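Trainee: Let me give you the structure first, and then I'll get to my questions.
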Amino acid sequence: MKICITSQGSDLNSEVDSRFGRCAYFIIIDAETMDFESIENPNIHATGGVGIRSAQFVSNKAVNTVITGNCGPNAFHTLKSANIDVITGAKGKVKNIVEQYKSGSLKTDPGPSVSPKFGL
Amino acid sequence: MIISVASGKGGTGKTTVATNLALSLDNVQFIDCDVEEPNAHIFLKPEIEKKLTVNIPIPKVDESKCNYCGKCADICAFNAIAVLGEKVLVFSELCHGCGGCSLLCPENAIAEAGNKIGIVEIGKADNILFVDGKLDIGEPMSPPLIREAKKYINTDKTVIIDVPPGTSCPVIEAVKGSDFCILVTEPTPFGLYDLELAVELIKKLEIPFGVVINQSDIGDEKVEQYCLNLNIPILMEIPFDKDIAFEYSRGIPIVVKKLEKKQNFKNLYHQIKELVK
């Protein structure tokens, strides 16, 4: 089960980044083995459509679920089209989020949590 | 000759200067490129003869031809296309209509469908040929509409372009190709700050320019000082006048109420002609 957590730093002790499209790092992690890869977000400085571009990026990494602070409508639509579940409202250290995810205490979002351009 | 009337700050009197200049000269074409809030028609009162729909091309993907290579998403500077496995999403509100995706698609799977963004109106106000663009409410992109309005430029005329405020893409689209640009400002810190931005922009576009100071006798001296320091010609000063403001609020231009003021605007034009030589 591969998940993507938006992170302010590159390791599992980093805090979750509350923005999806313009997060600092994407941490792609296998929830069972805890093997992970952290990737600096190449889209931070793009001017527009960043949520879409980041969603496309994450979908190419074949993740099932994205866990982040907030997710706007374009990113949400793109992720859902790629059959990726979205969980927003995540706070705290990345490794704790993985634990919460495994325990089943995180709920999948039915729709975007914020309006467009929220993370600018 | 094409004269554009711009300003950094909004509400300094662009439309006032542009419409009064148009009414003071012979053989004029007026193009209102302030397509988000066109209001020159309030003062010039043209009879509109033609209304033309303006579309921008939005990609339409034929998924039976598409092999999901993702080139269209890669090329799009505005991230208006996403390719996800065997699915293509088009975000038409982000598309600038450049056509790059359809040009690059190796499978020829992208056609372009028209997406209406506004209209161009063409008419006449007495002897003035009149063109304006009206952007549809909610449409984020005005440059393609400005470009369309400017297609009707008639260079046999003295063309006066009313430019939107600011210093971003719509301003550049409206101003480029002009022989001269009038920058209208007011003698306030806001006016000066935005004038400085506008001057930087017009210098980059390498268009000769000069300044008109509106409500010149109220406020401070800093705009004048700035122009003197940078050798920017001050072409005209319009003192504050309650009569002008009153008539303006009723949609009546200065030179219609006070015929003698036409001479001031004619002088403005002659100065520009000298500067463009």
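Trainee: Specify the residue that is surrounded by the most Cβ atoms within 10 Å (Cβ to Cβ); the eligible residues are those in region B:44-68 that are among the polar types (S, T, N, Q) and assigned to a strand (DSSP E or B). Please lay out each step first, then the result.
Mentor: From region B:44-68, those among the polar types (S, T, N, Q) are B:53, B:55, B:64, B:67; that's our starting set.
Still in the running and assigned to a strand (DSSP E or B): B:53, B:55.
On the way: B:Thr53: 11, B:Asn55: 16.
So, considering only residues that are among the polar types (S, T, N, Q) and assigned to a strand (DSSP E or B), the one surrounded by the most Cβ atoms within 10 Å (Cβ to Cβ) is B:Asn55.
Trainee: If you don't mind, there's one more thing I want to ask. State all residues of region B:156-166 that are crowded, with 21+ Cβ neighbours inside 10 Å and outside any strand (DSSP E or B); if no residue qualifies, say none.
Mentor: B:Val163, B:Pro164, B:Pro165
Trainee: When region A:64-94 is examined, which residues are found to be basic (Lys, Arg) and more than 20 Å from A:Tyr25 (Cβ to Cβ)?
Mentor: A:Lys80
Trainee: If you check B:Lys242 against the conditions, is it modelled with pLDDT under 95, under 19 Å from B:Thr12 (Cβ atoms) and not small (Gly, Ala, Ser)?
Mentor: Criteria met by B:Lys242.
Trainee: Also: Which residues, counting only those in region B:69-105, are of a type in the set (Val, Ile, Thr) and in a helix (DSSP H, G or I)?
Mentor: Passing the criteria: only B:Ile75.
Trainee: Looking for something touching a strand residue (DSSP E or B) at 6+ places or on another chain (Cβ under 8 Å), part of a strand (DSSP E or B) and modelled with pLDDT of 95 or more - is there at least one such residue anywhere in region B:31-43?
Mentor: We begin by selecting, within region B:31-43, every residue touching a strand residue (DSSP E or B) at 6+ places or on another chain (Cβ under 8 Å); these are B:31-36, B:38-41.
In the following step, the residues that additionally are part of a strand (DSSP E or B) were identified as B:31-32.
Filter once more, keeping what is modelled with pLDDT of 95 or more: B:31-32.
Looking through region B:31-43, at least one residue is touching a strand residue (DSSP E or B) at 6+ places or on another chain (Cβ under 8 Å), part of a strand (DSSP E or B) and modelled with pLDDT of 95 or more.
Trainee: Can you work out which of the residues in region B:218-276 that are basic (Lys, Arg) and surrounded by 12 or more Cβ atoms within 10 Å (Cβ to Cβ) is farthest from B:Ile3 (Cα to Cα)?
Mentor: Of everything passing the filter in region B:218-276, B:Lys222 is farthest from B:Ile3 (Cα to Cα).
Trainee: For A:Gln56, are the conditions met, namely being among the polar types (S, T, N, Q) and crowded, with 16+ Cβ neighbours inside 10 Å? Lay out the reasoning, then the answer.
Mentor: Details: among the polar types (S, T, N, Q): yes; crowded, with 16+ Cβ neighbours inside 10 Å: yes.
Yes: the conditions hold for A:Gln56.
Trainee: While we're here: Find the residue count for region B:129-160, including only residues that are over 17 Å from B:Ile119 (Cα atoms) and in contact with a helix residue (DSSP H, G or I) (Cβ under 7 Å, 6 or more places away or on another chain).
Mentor: Of the residues in that region, 1 qualify.
Trainee: Is it the case that A:Ser14 is away from chain B (no Cβ under 13 Å), more than 20 Å from A:Ser113 (Cα to Cα) and of a type in the set (Gly, Ala, Ser)?
Mentor: Judged against the criteria, A:Ser14 is a match.
Trainee: Applying the selection to region A:54-84, what residues are facing another protein chain (nearest Cβ under 9 Å), part of a loop (DSSP other than H, G, I, E, B) and of a type in the set (Gly, Ala, Ser)?
Mentor: Answer for region A:54-84, where residues must be facing another protein chain (nearest Cβ under 9 Å), part of a loop (DSSP other than H, G, I, E, B) and of a type in the set (Gly, Ala, Ser): just A:Ala82.
Trainee: Hey, any hits in region B:137-144 for a residue that's part of a helix (DSSP H, G or I) and within 14 Å of chain A (Cβ to nearest Cβ)?
Mentor: There is no residue in region B:137-144 that is part of a helix (DSSP H, G or I) and within 14 Å of chain A (Cβ to nearest Cβ).
Trainee: Could you tell me whether any residue of region A:37-53 is more than 14 Å from every other protein chain (Cβ to nearest Cβ) and either loosely packed, with under 14 Cβ neighbours inside 10 Å or over 13 Å from the mean Cα position of the chain (by Cα) (or both)? So that I can check it myself, show each step before the final result.
Mentor: Filtering region A:37-53 down to residues more than 14 Å from every other protein chain (Cβ to nearest Cβ) leaves A:37-40.
Among the residues that remain, those that are also either loosely packed, with under 14 Cβ neighbours inside 10 Å or over 13 Å from the mean Cα position of the chain (by Cα) (or both) are: A:37, A:40.
Within region A:37-53 (the criterion being more than 14 Å from every other protein chain (Cβ to nearest Cβ) and either loosely packed, with under 14 Cβ neighbours inside 10 Å or over 13 Å from the mean Cα position of the chain (by Cα) (or both)), the answer is yes, since at least one residue qualifies.
Quick grid of which residues meet (1) buried (at least 17 other Cβ atoms within 10 Å of the Cβ); (2) hydrophobic (A, V, I, L, M, F, W, C); (3) closer than 22 Å to B:Phe190 by Cα; (4) assigned by TED's automatic domain parsing to the domain that holds B:Phe240:
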residue: B:Lys9; (1), (2), (3), (4): yes, no, yes, yes
residue: B:Ala18; (1), (2), (3), (4): yes, yes, yes, yes
residue: B:Asn27; (1), (2), (3), (4): no, no, no, yes
residue: B:Asp34; (1), (2), (3), (4): yes, no, yes, yes
residue: B:Glu37; (1), (2), (3), (4): no, no, yes, yes
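Trainee: Using the structure shown, decide if B:Glu173 is in the same structural domain as B:His270 (by TED's automatic domain parsing), buried (at least 21 other Cβ atoms within 10 Å of the Cβ) and under 27 Å from B:Lys60 (Cα atoms).
Mentor: Considered against the rule, which asks whether it is in the same structural domain as B:His270 (by TED's automatic domain parsing), buried (at least 21 other Cβ atoms within 10 Å of the Cβ) and under 27 Å from B:Lys60 (Cα atoms), B:Glu173 comes out as yes.
Trainee: I would also like to ask the following. If you scan region A:94-115, which residues turn out to be crowded, with 16+ Cβ neighbours inside 10 Å and either assigned to a loop (DSSP other than H, G, I, E, B) or β-branched (Val, Ile, Thr) (or both)?
Mentor: The answer is A:Val94, A:Ile97, A:Val98, A:Leu106, A:Asp109, A:Pro112, A:Ser113, A:Val114.
The values are calculated or read from the model by the stated rules, or taken from the named source; none is laboratory data. All of these numbers come straight from a predicted model, not from anything done at the bench. Backbone-built Cβ (ideal geometry, glycine too); neighbour counts: all protein chains shown.
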